[in-house]
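Structure, as structure tokens:
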């Protein structure tokens, strides 16, 4: 948890920043919390916006610690875009520390959320919590885009028609993507649609596309799984003959590698879940993330045939 002293320092840094009066030709300064959100915002905003991403590519938004530069960026922004659903536990404090008083878009507004059981990794009784990783269902990305378009329209009314048109064009791309994902998954027999990932970032993917995804960690990477949890998962992998385990780009690979050694499962590769790759990488956009992840998942699941 970030200390009061940390956020006081951010507030002091933000006080040094000053918003510059925007001319019509200047792009709208927008802050997005992490790379997935930022990419959707770019698709909607086009050249009318300038996006600052707080959590860098290949980094973990669950445990991110804001910097003085982040506070300054918020102080100068006209719009802040968040995922919500407690994905960014630090964002409300950062907004307060920065002095930002403008519009905040929660990109998941209106999404049909799913819940999962979080047993606090063996340290308490199970409880139902909301899964924040809603973007892993490609059709949910349409809702993200439309929410962002409305937020941009509020702060830049002259561009409202452009933002809404961009959002609908992007939504059409995501509908095509959703069809492709379903077709890819359909090539795998239902009984084989089981994989292991580092943490529970793929619940919406599983629910939308009929996959069983197991993980040693819960929805957040903040807590470490207990030895009891890991042992239980290893037994389950052996019982269900799951053959593919996957590392995620923003998590420590050692636990998954240990599980692979103890079960004989094959590490099927690195998936992009909570963060995109850096520019020029294999998953540097939201759509490319699906295009990269799905062939790996399908190959891993097909390898599970006994």
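Rule-based calculations on the coordinates, nothing more; no lab input. Because the structure is predicted, anything quoted here is derived from the model rather than measured. Every residue, glycine among them, receives a Cβ derived from its backbone with ideal geometry; neighbour counts consider all protein chains shown.
What to note about this one:
- Relative compactness, region 179-302, computed as alpha-carbon Rg over 2.2 N^0.38 Å: 1.01
- At R0 = 51 Å, FRET efficiency that the Cβ-Cβ distance of residue 212 and residue 169 yields, to 0.05: 0.90
- Once the Cα-Cα distance is subtracted from the 0.36 nm per residue extended length, the residue 63 to residue 302 segment shows a gain of 82.7 nm.
- Rounded FRET efficiency, nearest 0.05, which uses the C-beta distance separating residue 101 from residue 186 and R0 of 45 Å: 0.40
- The order of 232, 261, 146, going from fewest to most other C-beta atoms within 10 Å of their C-beta, is 261, 232, 146.
- Subtracting the Cα-Cα distance of residue 128 and residue 50 from 0.36 nm times their residue separation leaves 24.3 nm of extension gain.
- Counting beta carbons within 10 Å around each of 176, 263, 130 and listing the fewest first gives the order 176, 130, 263.
- Taking the fewest neighbouring Cβ atoms within 10 Å as the starting point, the ordered list for 133, 78 is 78, 133.
- Relative contact order (percent, whole number), region 179-302, Cα cutoff 8 Å, 6+ residue spacing: 26 percent
- Our note on the geometry: Cα centres of region 264-306 and region 65-82, 31 Å apart.
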